[in-house]
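The values are calculated or read from the model by the stated rules, or taken from the named source; none is laboratory data. Here the structure is a predicted model, which is why all the values come from computation and not from measurement. Cβ: placed from backbone, ideal geometry, glycine included. Neighbour counts: every protein chain shown. For the accessible areas, the whole protein counts, side chains as well, though only heavy atoms, and no ligand, DNA or RNA atoms are used. Shrake-Rupley method; radii C 1.70, N 1.55, O 1.52, S 1.80 Å.
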Amino acid sequence: MVETAHHLSRKLAERAAEVDQNDSFVGENYTLLKEAGLVEAGVPRELGGRGAEISELAEMLRVLARACGSTALAFSMHTHQVAIPAWRWRHQKVAAVEPLLKRVANEKIILLSSGGSDWIGGSGKAVKVADGYRITARKVFTSGAEAGDILMTGAIHEGEDGSRSVIHFGAPMNSAAVSIENTWRTLGMRGTASNDVVIDNLFIPDANVAFSRKAGEWHPVFQTIATIAFPLIYAVYLGVAESARDLAVESAKEKPAPDLSLAGRMDTELRAAQLAHRWMLDTVARNAPSAETVNEVMIGRNLVARHAIATVDLAMELAGGASFYRVRGLERRFRDIQGARFHPLQAGPQARYAGAIALGLRTEAIF
C-alpha cells in the first residue's frame, strides 16, 4: 500500500494546485485510489481486502499527504471508518461488521465520517416510529461527501423520561432523504469538499442501528474509535509538514547564505511531530482501547498539531519571500496545516482530559 501511494504521488501532486485554486473536489484522485486497491487496504484478507495494519495505513496516508493534503485528509476519513470495524473484527471477534467490510472489499464503496459534527455530544434528531427511527440532521465537515456511498453517523433520541441517547447507523448517500449542500469555502484543505450533508426525514430500521449510547458521555466503542482514528488522520498533517520542510530546504539551498538556525529549528520541530506521531501508533499497537489510550493518543494528537504547525511556520521563514508565491507550493501547505487545530480533542478539552487522568478523576464527560 505504501509503494502504491508513492506511485500515485506524482499524479496527485500535479493536480493539487489546480484543485486548491478552484475549490474543486479531488474526485479524479479517488478514481485513482480505487483503481490502485487502496479503498480496501484496511479490510482483512480473510474478508477480501488487503489486510493492512494501522501503522501501514498511516504511512500510506502520510505519503499521499506529501503530494496532496486534501486527497489524503478526505481519504483518511474512509480509511479510519474501515480500520475501526476491521480492528473490532480481528481483536474483538465482532461478526456484525463483516457485511460492511465485505462490501468495501468487493464493491469498493466509500465510507464517510461525520465525526467532526457528532463526536461525543452527538447531533441531529432521531424520532422513534414503528420498526425504526426517522432522522433529521445536518452533518458538517463531511469530507469527500461527493464520493461517498454510506455516511457513518448518528442522531440523538430523546426518551419520554427525558433521557438522551445517540443511535449510530449508516445513512445511504443515494437516498432521496439525503443531500449535500456546498458550504466548503475555506482557508485550506479545499479539495476535501467537506460539505454539509443534510438528512431530512430518513427512515432507519431498528435492524440497521449499529449501537446506541448515552449522549454526552464516552462509550467503549468511542474509545476504540478515538484510539484508532486519530493516528490515521494526523498522519496526514505530518505528511503536509514534511513536504513543507522539503520545499523550504530546496528554496534555502538557492540562497547564497541560508539561515542555518531557522533550518535547524524547523527540523527540530518536525522531529518532535514525528516522535509524537510514533507514540500515537505505539499506543494503537497495544490493542487495548480505553480511557488511558484515548489520553495518550490525544496527547500525541496535540503535539503533532503543535509541532507540525510550527514546522510549516519555520519553513515559510526559511524560504523567505519566495514562500509567498503560490507556484512554490509552500503557502498551500501553510493553509492546509491549519486544519490540524480543529479536530477533537482540541487543546482545552485535551488538557482537561489529561489532567483528569493524571489526578485519577472521571473523564466520561470530558470531550
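I need the per residue convex hull volume for the range 217-367, using only the alpha carbons, in cubic angstrom as a whole number.
Each residue corresponds to 99 Å³ of Cα convex hull volume.
So, R0 is 41 Å and r is the distance between the beta-carbons of ARG341 and ALA96; what FRET efficiency does that work out to, to 0.05?
Efficiency for this residue pair is about 0.70.
Between PHE203 and SER261, what is the label-to-label distance in nm when each label sits 7 Å out along the Cα-to-Cβ direction?
The answer from the label model is 7.0 nm.
Please determine, in degrees from 0 to 90 and to the nearest 10, the orientation of helix 260-284 with respect to the longest principal axis defined by the Cα atoms of the chain, where the helix direction is its Cα long axis.
Value to nearest ten degrees: 20.
Kindly write out, for the range 8-18 in residue order, the coupling ³J(HN,Hα) from the Karplus curve 6.51 cos²θ - 1.76 cosθ + 1.60 (θ = phi - 60°), rounded to whole Hz, with x marking Gly and Pro.
7, 4, 4, 5, 5, 5, 4, 8, 4, 5, 5
Between ALA365 and LEU275, what length in nm is gained on full extension when 0.36 nm per residue of separation is reduced by their alpha carbon distance?
Once the chain is fully extended between ALA365 and LEU275, it gains 29.5 nm.
Expressed as cubic angstrom per residue, what is the convex hull volume of the alpha carbon set of the range 70-220?
121
Working from Cα positions, state the angle (0 to 90°, nearest 10) between the long axis of helix 98-107 and the longest principal axis of the chain.
50
GNM, the chain, Cα, under 10 Å: largest mean-square fluctuation among GLN81, GLN346, GLN274?
Evaluated over the chain, the most mobile residue of the options is GLN346.
Take LYS214 and GLU3, extend 7 Å from each Cα along the Cα→Cβ direction, and tell me the distance between the two endpoints in nm.
Calculated label separation equals 5.1 nm.
Expressed as a whole number of Å, what is the distance separating the alpha-carbon centroids of the range 292-322 and the range 213-232?
A separation of 23 Å, based on Cα centres.
Rounded to whole Å and sorted largest first, what semi-axes of the equivalent ellipsoid does the C-alpha gyration tensor of the chain yield via the square root of 5 times each eigenvalue?
35, 23, 19
By per-residue mean of other Cβ atoms within 10 Å, what is the highest-first order of 93-101, 306-314, 246-254?
Peptide ranking by packing, descending: 306-314, 246-254, 93-101.
Do any of LYS93/LYS214; LYS108/LYS139; LYS34/LYS253; LYS11/LYS139; LYS108/LYS128 go past 29 Å between their Cα atoms, and which?
Table pairs above 29 Å Cα-Cα are LYS34/LYS253; LYS11/LYS139; LYS108/LYS128.
Treating the Cα atoms of the range 1-145 as identical point scatterers in vacuum, please give the log10 of the normalised Debye intensity I(q)/I(0) at q = 0.11, 0.17 Å⁻¹, two decimals.
For the range 1-145 at q = 0.11, 0.17 Å⁻¹, log10 I(q)/I(0) is -0.47, -1.00.
In the chain, what percent of the accessible surface is made up of carbon and sulfur (1.4 Å probe, ligands and nucleic acids excluded)?
52
For the range 191-207, take each phi angle, set θ = phi - 60°, evaluate the Karplus expression 6.51 cos²θ - 1.76 cosθ + 1.60, and give the result in whole Hz per residue in order, putting x for glycine and proline.
Each residue of the range 191-207 in turn: x, 6, 6, 7, 7, 6, 9, 9, 10, 10, 6, 7, 8, 10, x, 3, 5 Hz.
Under 10 Å, Cα contacts only: if you run a Gaussian network model on the chain, which one of GLU14, GLU160, GLU53 comes out with the highest mean-square fluctuation?
Comparing GLU14, GLU160, GLU53 in a Gaussian network model of the chain, the most mobile one is GLU160.
Return the single residue from LEU330, LEU73, LEU202 with maximal mean-square fluctuation; model: Gaussian network over the chain, springs between Cα atoms under 10 Å.
LEU202
Suppose the chain between ARG326 and ALA130 were pulled fully straight at 0.36 nm per residue; how much longer would it get relative to their current alpha carbon spacing? Intermediate values should be presented prior to the final figure.
On the way: separation 196, 0.36 × 196 = 70.56 nm, distance 5.60 nm.
Difference between extended and current length: 65.0 nm.
Averaging the inverse of every distinct alpha carbon separation and then flipping it gives the Kirkwood radius. What is it for the range 284-366, in angstrom units?
Answer for the range 284-366: a Kirkwood hydrodynamic radius of 14.7 Å.
Quickly rank 64-71, 209-216, 150-157 as a protection proxy: mean count of other C-beta atoms within 10 Å, highest first.
My ranking of the peptides, most packed first, is 64-71, 150-157, 209-216.
Multiply the residue separation of THR186 and GLU18 by 0.36 nm, subtract the distance between their alpha-carbon atoms, and state the gained length in nm to one decimal. Mind showing how you got there, number by number?
Working: separation 168, 0.36 × 168 = 60.48 nm, distance 1.51 nm.
Taking THR186 through GLU18 to full extension adds about 59.0 nm, to one decimal.
So, R0 is 45 Å and r is the distance between the beta-carbons of ASP161 and VAL140; what FRET efficiency does that work out to, to 0.05?
0.90
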